[in-house]
Amino acid sequence: MHDTTTPHAAGPTPWDQPASRLSGRVALVTGAARGIGRAVARRFAREGATVFAADRLPDELGGVVATLVAEGGNVQACSLDVTDEAAVDAAIMGIIDVAGRIDVLANVAGVIALEAIDATDVATFDRIVAVNLRGPFLTMRAVAPHMRRAGHGAIINVSSRAGTVGSALEAAYCASKFGLEGLSRAVAKDLETDGIAVNTITPGIPTRTAMSETTYGPEQRALWRDPDVITPAFVQLALQDPTGIHDQHVNAWQLSERLRRALAS
C-alpha cells in the first residue's frame, strides 16, 4: 500500500527465468486468485513446487489454476475462507492427506478499506482484522505441528509498510498489519528451534493488484509494476531455515533486485 521505492528498468536475468529451486516442496498460497497471491502461486509452480492455491473466490481461482496447469504447473485449487477456523483446519488436513506435508506457507490474502477512524464501523474493522491477522494466525497454527514433525518449513506473511508506519484513513488496515508483524515475530521465536523460518514481506514498490487499483493515486499508478517482479523474493524466503533469513521484515523489491544482480554477475 505504501511502498514507494522507484523501480528502474532491467533486462531479463537468471532470476527472471524460473528453474527448479522449489522442486519437491509442497506450498500453500492464500489469496491466490488475484494479484500478488496469483503471481506467487505461478512462480512457485514454475519453480517446481506442488502448489495448493487457496482463495474464497472459487470461479476466479478455478481460472487461475486451469491456466497454471496448462503451463505445466502442479497446482490444485483450494476454496478457502481464511477467517473460518474449521475451514482452515480442514483445508490443512486435506493437503496433508493428499501431499503428506506442507513445506511452505505463503499468507498473501488481504483486504483494505480507506476510512477515517470516525467513519470506520465495527464490521469493517472486524473484517479487515479477520482476513489480515486472524487468517494468518489460523493457517500458521494449523501448519505448525506438521512442520514441527518434519523438522523444517518456511512461513511467509505478506505485510506492508503499513505494518511499521501509521497512515491516515487506514486505522483498521494498519492495526491488522502491525498485529501481523508482532504475531510473526512471536511465531518465529516459537518455531525456530524446529527448523522453521518465519518472515514478513512487504512489496517494496507500488504493485498493481486488485487492492491497489482501488487505493493508489495517479503518482503511485505511474510507478506500479506487475507482481511478478517481486516473486524472486518469495522463492528465496521459501528456501530458508532459521540459520538464514528468519524473523525479518523483508523488502521484496530490494531482495528480488539483489538476487537478479547476483545471478547476472
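Other residues within the sphere of radius under 14 Å centred on the Cβ of LEU57, judged by their own Cβ, net out at -1 (K and R +1, D and E -1). May I ask for the net charge around GLU115, where only other residues with Cβ less than 11 Å from the Cβ of GLU115 are counted and Lys, Arg are +1 while Asp, Glu are -1? Here the charged neighbours net out to -3.
Near SER159, once Lys and Arg are set to +1 and Asp and Glu to -1 for all other residues with Cβ below 9 Å from its Cβ, the sum equals +1. A convex hull fitted around the alpha carbon atoms of region 23-264 yields 124 Å³ per residue. Note on ALA116 and SER20: the extension gain reaches 30.0 nm, defined as 0.36 nm multiplied by sequence separation minus the Cα-Cα distance. Computed 3J(HN,Hα) for region 172-182, one whole-Hz value per residue from the Karplus formula 6.51 cos²θ - 1.76 cosθ + 1.60 where θ = phi - 60°, is 5, 5, 4, 4, 5, 7, 4, x, 5, 4, x, glycine and proline marked x. Charge dipole of region 23-264 (Cα centre as origin; +1 on each Lys and Arg Cβ, -1 on each Asp and Glu Cβ, all else neutral): 720 debye, rounded to the nearest 20. Using 0.36 nm per residue and subtracting the Cα-Cα separation, the extra length available between ASP228 and GLU192 on full extension is 10.1 nm.
Just so you know, all these numbers are worked out from the coordinates, no wet-lab data involved. Owing to the predicted nature of the structure, the values given are computational and were not obtained by experimental measurement. Don't worry about glycine lacking a Cβ; one is built from the backbone with ideal geometry, like all the others, and counts go over all protein chains shown.
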